[in-house]
Structure formats: structure tokens, C-alpha cells
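Engineer: Could you have a look at this structure, given as C-alpha cells, before my questions?
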Amino acid sequence: MVLQPGSKAFLGLSKALLWPLCLAPLLFMLLGVFQVAGYGLGANPIEELLHRCGEWGLKFLLITLAITPLRRITGWSWLVRYRRLLGLFAFFYVMLHFVVYIWLDRQLDLGSIVEDIVKRPYITIGMVAIVMLIPLAVTSTRGMMRRLGRRWQKLHRLVYVIAILGVWHFWWQVKADFLEPSIYAGILALLLGVRLWYRKRPAKQLR
Ligand code: HEM
């Protein structure tokens, strides 16, 4: 039997593979936390966890954003079927990043959390990004998509703003080596550029 991309069987199988792939960063973090199989989190485990969750949140955001340009370029309309799952994993890792920050890093000290949000601009924009992500996650179901109609698309365009804020947040807290945030910024600029390019051209029929 040949698995046709976009067919039900292909979708089921690919999603069954995608789930463990998306959960792999979490698994490696847990192996590090419990120091299993030679894994660890280094001298500053909380900072390491915070950074890994933040980076995976940003990676998943960019992967989710890449779906539409990829569909446009290749004509593979079935790619859209993976967008929700990838977007929800972005939300998951960003929320984990937030939980590590408020719980392990700040020890649930509300005063110091509020002080950080107010006094450290990179935390302020991270917070704005996370607040914007919540309505996107809540409205990611098919039911909400139907109910909101065209407004759903408008709302979900916020993901571009969130990704910009995410990269900015990363950039702002780097002290010396800007290589990594520059790579994220470059990828985001490319994805936004492709989107703008296609916006100016008439929509092609997708396969
Ligand atoms: C969409 C939302 C967010 C994204 C995509 C994001 C992403 C990131 C990334 C990529 C890093 C750098 C990781 C590294 O250095 O390897 C980072 C660091 C950090 N983020 Fe976020 N973040 C978000 C929201 C937040 C929020 C809401 C908070 C806290 C309220 C926060 C607190 C921090 C802190 C404390 C660091 C470490 C800074 C340091 O080591 O000096 N982030 N984040």
C-alpha cells in the first residue's frame, strides 16, 4: 500500500511520529532533571531548564509560522493539518518556560515577579507575548475556528507579533554573543518576507 501524502492513513501515521518528536525536548529535560542515562543540566539546572524551554517555545513558534509559506511554495495544502499541533507545542514549551521562571527561579515570590515584569523590559515583552498566546491556544479548536469564521484568521495573525516579541525578548537579554538570536531573527524575517511576497500576488489554487 502506498501512503499518499494528505490521505487519512498518512496523516494518522505522521501524527503518531510527530507527537514523540515534539515531546523529545521535554524527555531530554526530564532525563537531565533526574540525571538518568548520563544526562544532566550542568552547574545551574534552573537556568538551563529556563533557557531550553524558552528556546523550544521559540523554535516551535517559528516551525508553526513556516507551515503557510511552505504550503504556498510547494502547493502541499495538507501541511496545514500539522499547524495546530505544532502551535500547541509552542504554547506548551512557552508555558513551561513561564512556570520554570515563576516557580523554580522566582520561588512563587509574587513581589519579585511583578518587580521583574515592571523593571526588566525583556521580561515585560515576554509577558506581553505570553498573554497574546493564550487566546490563540484557547481558540485553536475546530469548533472555535467555525464559530469565529474570518475573525479567527485575523486573531491568529497575532502569532507573527508574538514571534517578533519572542525574538526581541531573546535579543534583549543577551549580553555578548548575538549569534543565536540573530539566527532566529533572520529566520523570522525570511518567513515574514515570504508571507508579504505572497500577499501581493493572487492566491494560487493549492493542491
Ligand atoms: C512567547 C513568549 C516567550 C518566548 C518565546 C521566550 C523565549 C525565550 C528564549 C528563547 C530565551 C533565551 C534562551 C537562551 O538563552 O538560550 C528566554 C530567556 C528567558 N526568558 Fe523567555 N520567553 C517568553 C516569555 C517569557 C516570560 C513571560 C518570562 C517571564 C515572565 C520569561 C523569562 C525569561 C527569563 C528570565 C529568561 C532568561 C534570561 C537570562 O538568562 O538572563 N520569558 N526566553
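Engineer: Only residues that are surrounded by fewer than 19 Cβ atoms within 10 Å (Cβ to Cβ) and near the ligand (Cβ under 10 Å from one of its atoms): list them for segment 169-180, please.
Structural biologist: TRP171, TRP172, GLN173, VAL174, LYS175, ASP177, GLU180
Engineer: If the requirement is being within 26 Å of MET29 (Cα to Cα) and of a type in the set (D, E, K, R), which of these qualifies: GLU115, GLU55?
Structural biologist: GLU55
Quick grid of which residues meet (1) near the ligand (Cβ under 9 Å from one of its atoms); (2) in a helix (DSSP H, G or I):
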site	(1), (2)
TYR93	yes, yes
TYR101	yes, yes
MET127	yes, yes
MET132	yes, yes
SER140	no, no
ARG146	no, yes
VAL161	no, yes
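Engineer: In segment 1-48, how many are over 16 Å from TYR82 (Cα atoms) and of a type in the set (A, V, I, L, M, F, W, C)?
Structural biologist: Matching residues across segment 1-48 total 17.
Engineer: If we scan segment 61-76, do we find a residue that is touching a helix residue (DSSP H, G or I) at 6+ places or on another chain (Cβ under 9 Å) and farther than 22 Å from ALA185 by Cα?
Structural biologist: The answer is yes; a qualifying residue exists.
Engineer: Just the residues that are touching a helix residue (DSSP H, G or I) at 6+ places or on another chain (Cβ under 8 Å), within 11 Å of the ligand (Cβ to nearest atom) and among the hydrophobic types (A, V, I, L, M, F, W, C), please, taken from segment 105-117.
Structural biologist: Result: ILE113, ILE117.
Engineer: Only residues that are more than 12 Å from the ligand (Cβ to nearest atom), aromatic (Phe, Trp, Tyr) and modelled with pLDDT of 95 or more: list them for segment 51-90, please.
Structural biologist: Within segment 51-90, TYR82, PHE89 qualify.
Engineer: Quick one: is ILE123 crowded, with 19+ Cβ neighbours inside 10 Å, modelled with pLDDT of 95 or more, assigned to a helix (DSSP H, G or I) and of a type in the set (A, V, I, L, M, F, W, C)?
Structural biologist: no
Engineer: Let me spell it out: the conditions are (1) exposed (fewer than 14 other Cβ atoms within 10 Å of the Cβ); (2) free of Cβ contacts under 8 Å to residues at least 40 places away in the same chain, and PRO45 meets all of them except one. Which number is the exception?
Structural biologist: Going through (1) exposed (fewer than 14 other Cβ atoms within 10 Å of the Cβ); (2) free of Cβ contacts under 8 Å to residues at least 40 places away in the same chain one by one, PRO45 breaks only (1).
The values are calculated or read from the model by the stated rules, or taken from the named source; none is laboratory data. Treat the numbers as computed from the prediction; the structure is a model and nothing was measured. So basically every Cβ, Gly included, is an ideal-geometry build from the backbone, and we count neighbours across all protein chains shown.
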